[in-house]
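Where a number appears in this text, it was derived from the coordinates with a stated rule and is not lab data. In this text the structure is predicted, and so the values were computed from the model without any measurement. Neighbour counts run over all protein chains shown; Cβ positions are idealised from the backbone, glycine included.
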Amino acid sequence: MNDPILWSLIAIQVAMGAFDTLVHHEGTERLAWRASQRRELQLHGVRNFFYALIFLTFAWVEPHGIWTMILGGILLVEILITLWDFVEEDMTRKLPSTERINHTLLALNYGAILALAAPVLWGWAQMPNALHVANYGWWSIFATLSAIGVGLFSARDLLAAKRSDRLDRGDPARLVDALPPRQNILITGGTGFIGTHLVTALVGAGHDVTVLTRSLRNADALAHPVRLITDLDRVHADDRFDAIVDLAGDPVANWIWTPRKRALIISSRVKMTRALDALIDRLNVKPRVVISGSAVGYYGLHGDAVLTEASAPNPAFVHDVCRTWEESAAPIARDGVRLVVLRIGLVLGVEGGMLARLLLPFEFGGGGAMGSGQQWMPWISHNDMIRVIAFAIACEDLHGPVNAVAPEPVRNSTFTRALGKALHRPTLLRIPAWVIGLLGQMGRETMLGGQRVVPEKLTRHGFVFHDNMIAPLLSRITGARTDSPAPAASAVPRLRDRKSERDPEKKKVGHDPHLFGSNLGKWRG
């Protein structure tokens, strides 16, 4: 099978398959960490195992007779599994357009490969039974490397399918138990990592949720019913919100800080906050509280110093971003509106954020500390982050800056060891500081720098963290252990006892004309 055209088509197939796996399955969709995709992961694991066999066969063996028929049977099974996989994907998730296009191209290219290989295989099938060693030079090496790659992902996907049952985090509605019944809440940044989880919890608990989003497609993943708007001008002066949660802003640590990127990071936050201030000014009834986002970057870089809400900042770009953001939110506090500014640490969850970017390299043994590993990482679990937001809405005595971090910050080396242990992988590598320094100030401030921040205000007001130690959290959320997570009840104080006052009709939210449901067009801004 020394046909350069055939091998070229195989190389194209491998490239498109790698793109589909890394960009879609591991990147945008994160299938290995979605409990709902167990069957799809099993199909991927079995299919990739057969791919590994096919690549190794084409690389080093020329099968004749019955062995050719066995190879043909494997090719047929692989086609059937792929068709089954396509059906499973359509039934369980909404595929991005790029993934559908890639699947179409993969199918067409695979058809071309089979058309070219069929005459050769037919000729081999007529020969006496035998396995002859073959060597196609660089093509054989390429096929072998491809077999190793798909083989590794086959094993990982099968293991991920096995752990999927342990990824269920329970009822998200319990995360907002601190709230009184049937709150009406406006959320900006509701399709982000924190916002999506917050919307799921609020909708599940029967609250009325309005989400401001620039992309209605991104809102497809939200729990429903929700009211969707694309512009704050769509909010009428007589609309009423009990609370507004502002989480909008361009990501800080996903790209080098060019002058354009710096301006976008700041302007995206300031413009939204000022727009909310203008909205509140024209509302006939003001919200009781506004929860405005910020970050622990406000403090700059302080080494080992313990930082509370009263600590003075040090110069840094991350401080400039947070300071400007908080200053733009300050006018909201007029007219009796309570303003809480959450200085958020690293939010840890397998669904997104910093941890999600680390899981793939750590799973394949490529994890390690960054630089010296001595920099502090102020963190908070994804679930506790939602509980903090609900607590901040409910606790009328809480206002001003609030550190949204767990009480036990850890050094990067400690975090690295804990994640490696949770995934049962070694963490012997270390990313040199000079490599991270190639990312410029972004790498130096967000990866090599850190803050030893503690939640002084939350602790003083009685908030109780469910996840206060890094190792047990990472073990639980990665499915490393099977014991049940702590119940997601709220911390005290509560505005009222939701269990005793729960509205029996609140689940019938579809009857509210202000909620997303049967009349999508009316609310699509």
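With only the Cα atoms considered, segment 9-108 has a convex hull volume of 98 Å³ per residue.
Here's the list of aspartates and glutamates a cross-link from Lys421 could span, going by alpha-carbon distance under 13 Å and ignoring same-chain residues fewer than 8 apart: Glu363.
With the simple model of a label 7 Å out from the Cα in the direction of the Cβ, Thr98 to Asp171 spans 3.9 nm. Scoring 122-128, 426-432, 461-467 by mean Cβ neighbours within 10 Å over their residues and listing the highest first yields 461-467, 426-432, 122-128. Under 5 Å between amide hydrogens, built in the peptide plane, is the criterion, and for Ala404 it picks out Arg343, Ile344, Gly345 among residues at least 5 positions away or on other chains. Across segment 396-409, computed HN-Hα scalar couplings (Karplus, 6.51 cos²θ - 1.76 cosθ + 1.60, θ = phi - 60°) run 5, 8, 8, 7, x, x, 9, 6, 8, 9, 6, x, 10, x Hz from first to last residue, x flagging Gly and Pro. For segment 373-379, putting each phi into the Karplus relation 6.51 cos²θ - 1.76 cosθ + 1.60 with θ = phi - 60° gives couplings of x, 8, 5, 7, 10, x, 10 Hz, in residue order, rounded to whole numbers and with x for Gly and Pro.
Based on the Kirkwood approach, the hydrodynamic radius assigned to segment 152-280 is 16.8 Å, with every pair of different Cα atoms included. A Förster radius of 30 Å, combined with the Cβ-Cβ distance separating Ala18 from Leu216, puts the computed FRET efficiency at roughly 0.45. Rounded to the nearest Hz, the phi-derived 3J(HN,Hα) couplings of segment 265-276 under the Karplus curve 6.51 cos²θ - 1.76 cosθ + 1.60 (θ = phi - 60°) are 4, 6, 5, 4, 7, 5, 4, 5, 5, 5, 5, 5, where x marks glycine and proline.
Could you please report the charge total around Met370, scoring K, R as +1 and D, E as -1 over all other residues with beta-carbon less than 15 angstrom from its beta-carbon? Numbers along the way, then the final one.
On the way: positive: Arg357, Arg411, Arg417, Arg430, Arg444; negative: Glu445.
Local net charge: +4.
Please work out how much length the chain gains when fully extended from Leu158 to Arg425, using 0.36 nm per residue of separation minus the C-alpha to C-alpha distance, in nm with one decimal.
Values: separation 267, 0.36 × 267 = 96.12 nm, distance 1.65 nm.
Length gained, Leu158 through Arg425: 94.5 nm.
Computed from point charges on the beta carbon alone (+1 for Lys and Arg, -1 for Asp and Glu), the dipole magnitude for the chain about its Cα centre is near 780 Debye. Amide H contacts of Val453: Leu307, each under 5 Å away and 5 or more positions distant or on a separate chain (H built 1.01 Å from N in the peptide plane; Pro and chain starts excluded).
Just to verify a number: FRET efficiency for Asp281 and Arg182, C-beta to C-beta distance, R0 = 30 Å, to 0.05?
Values: r = 26 Å, r/R0 = 0.86.
The pair Asp281/Arg182 has a calculated efficiency of 0.70.
Spin-label model, Ala305/Ala237: points 7 Å from Cα along the beta carbon direction are separated by 4.8 nm. Fewest-first ordering of Tyr110, Tyr298, Tyr51 by other beta carbons within 10 Å of each residue's beta carbon gives Tyr110, Tyr51, Tyr298. On the beta carbon distance between Thr230 and Val464, with R0 = 30 Å, the FRET formula returns roughly 0.20. Residues Met447, Met377, arranged from fewest to most other Cβ atoms within 10 angstrom of their Cβ, appear as Met447, Met377. For the chain, adding -39500 (n - 2.57) for each run of n ≥ 4 DSSP H residues and dividing by the number of residues yields -14500 deg cm²/dmol at 222 nm.
Remark: the Met127-Ile256 segment gains 40.5 nm on full extension, using 0.36 nm per residue and subtracting the alpha carbon distance. The amide H of Val245, built 1.01 Å from its N in the peptide plane, has Leu186, Ile187, Thr188, Ile291 as neighbours under 5 Å, considering only residues 5 or more places off or on other chains.
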